[in-house]
Amino acid sequence: YLEDTTRVALEQDGQPTADRQAELMVDRLAAVDELNETFLVRALRSGRVPAFVAAFSKLTRLSFAVVRQILFDPGGEPLAIACRAIGVERANFVSLFLLSRQGQMRVAKPERIQQILEFYDRLPQRRARVALRYWRSEGEYMKAVATLKAAAPSAGATWS
């Protein structure tokens, strides 16, 4: 089914970006209830970062930009928070954490793996969900600022 979904996404009108292709594929997977944490692990394991980003974005309701920040954060805590918030099982979180380190050409030391697992285990899902809500609002804020910047007349407009 994944191959059919990918083919359909690629055949859409025009030449969509990798993000748009991934988003179309993820939408189709979600429509047939095939979008889950197993897909997240498979996407990263096979090096399909745009598919992971689109899927994680859909599951967390975070923007692609925020998901990329989470994925590439050097410490891994944001990934732990987001995974805990959406109910990713511990074993799949470990896989996602290790695979995200691998993609950054860094090897996670055993001590670091232990630390991030302790963080994940101690983090109440309720608190992780609060953090996710904040990240969503922060993402909306950043989109609003970008929209205002784009709409502002260039003469005399100053933004920090």
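The alpha-carbon atoms of the stretch 42-105 define a convex hull whose volume equals 73 cubic angstrom per residue. For Asp33 and Tyr134, the FRET efficiency from 1/(1 + (r/R0)^6), where r spans their Cβ atoms and R0 equals 35 Å, is about 0.80.
Read-outs: derived from the displayed coordinates by stated rules, not from any lab. Since this is a predicted model, take the numbers as computed values, not measurements. In this analysis, Cβ positions are derived from the backbone assuming ideal geometry, glycine residues included, and neighbour counts consider all displayed protein chains.
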